[in-house]
């Protein structure tokens, strides 16, 4: 793995984690907790920054090759969406 790819991966993970925590902070009723929001954000960021541009060429063309701002942006968006989607699917805890 070359330096550019490693930096891109780090940007994707950091932006995804930040996006996951941001959606938890903004939508208190959908907050899964900081640990889960961060983990899901990291997963979403990795998918958004590294996988989606390869699977969907239009996204790859939109962010451009080696564009860290574009990679960070799409990673933050997908990193925020994944915890949000999980919070809608997750069953609410029943009070004991």
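Each value in this text was obtained by applying a stated rule to the coordinates, not by laboratory testing. Predicted, not measured: the structure shown is a model, and the values here were computed from it.
Of note:
- In the chain, the longest principal axis of the Cα atoms and the axis of helix 68-89 are about 20 degrees apart.
- Estimated from helical segments only, the mean residue ellipticity of the chain at 222 nm is -23500 deg cm²/dmol, where each DSSP H run of four or more residues counts as -39500 (n - 2.57).
- Using C-alpha pairs under 8 Å with a sequence gap of at least 6, the mean separation divided by the residue count of the chain gives a relative contact order of 39 percent.
- Spherically averaged projected area of region 3-89 from its Cα convex hull (nm²): 5.2 nm²
- Gain in span if fully extended, residue 89 to residue 1, counting 0.36 nm per residue against the direct Cα distance: 28.1 nm
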